[in-house]
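Working notes, beginning with the structure itself.
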Amino acid sequence: MRTKGIDMKEMFPVFRLTIVVAVAVIALTITDAVTRDLIAESREKELQALLEKIFPGMDDYEEKDDVYFILERSDVPVENPYGIDENYEIIGFAFIAEGDGYGGAIELLIGIEPDLDDPTLVGIRVLTQSETPGLGAKIADEEFTDQFNGLATGDAVLTDDGGQIDAISGATISSRAVVDAIQDAVSATVDDLKAMQEVT
């Protein structure tokens with residue numbers, strides 16, 4: 001019995017389909033890589049714009065271990081314990097914090113002054129939130145966020161709890177989520193920065 005040979009005419013559609021699939025996979029891979037880069041670049045620009053709003057004197061920033069070192073150019077060399085370029089003075093730190101609000105996760109960008117022994121807030125911005133429109137969503141309004149500007153961390157709690165932050169009417173849970181996230185994040189970040197000083 002003779003074995004039937006491979007009919008190239010029958011194989012041609014398979015080859016063609018293989019080539020089409022390979023080209024599609026390559027195109028999708030390239031598109032994904034380009035899209036990811038564009039998203040990352042866009043997020044970087046948004047972050048820089050937010051940092052500049054919190055720190056108007058900022059010339060540059062450098063990220064180390066999830067902390068943004070806010071930098072201002074200096075005419076004279078400035079020593080620091082973090083290994084930052086000595087041509088810059090550290091004028092503050094910024095970092096992202098997360099809290100649990102009434103409607104879900106709340107993400108904040110927090111800026112503090114460089115004195116770690118008495119942490120003072122420079123300002124905050126709400127990055128993401130899913131709180132109730134017209135109520136909890138007001139945590140993103142400047143009327144609420146500006147209350148934190150220049151406050152010692154210990155005072156950045158609700159007035160009902162002895163602090164200086166007025167809760168949003170009808171949205172105490174959302175308001176408390178913000179102050180709790182700030183307290184936790186500042187405490188943890190200050191500890192991390194002091195640990196960095198000891199290492200360097």
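Each value in this text was obtained by applying a stated rule to the coordinates, not by laboratory testing. All values reported here derive from a predicted model rather than from experimental measurement. Every residue, glycine among them, receives a Cβ derived from its backbone with ideal geometry; neighbour counts consider all protein chains shown.
What the table shows:
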item	result
Principal-axis tilt of helix 172-199 within the chain, Cα atoms, nearest 10 degrees	90
Given 14 as the ceiling on other Cβ atoms within 10 Å, longest exposed-site-free region of the chain for GluC sites (Glu not before Pro) in DSSP loops	87-200
Between 0 and 90°, nearest 10: helix 8-54 axis offset from the chain longest Cα axis	10
Under DSSP loop assignment and at most 13 Cβ neighbours within 10 Å, longest trypsin sites (Lys or Arg not before Pro)-free interval of the chain	5-200
Proximal aspartates and glutamates relative to Lys194, as straight alpha-carbon distance under 15 Å, when same-chain residues fewer than 8 apart are discounted	Asp65, Asp66, Glu113, Asp115, Asp117, Asp118
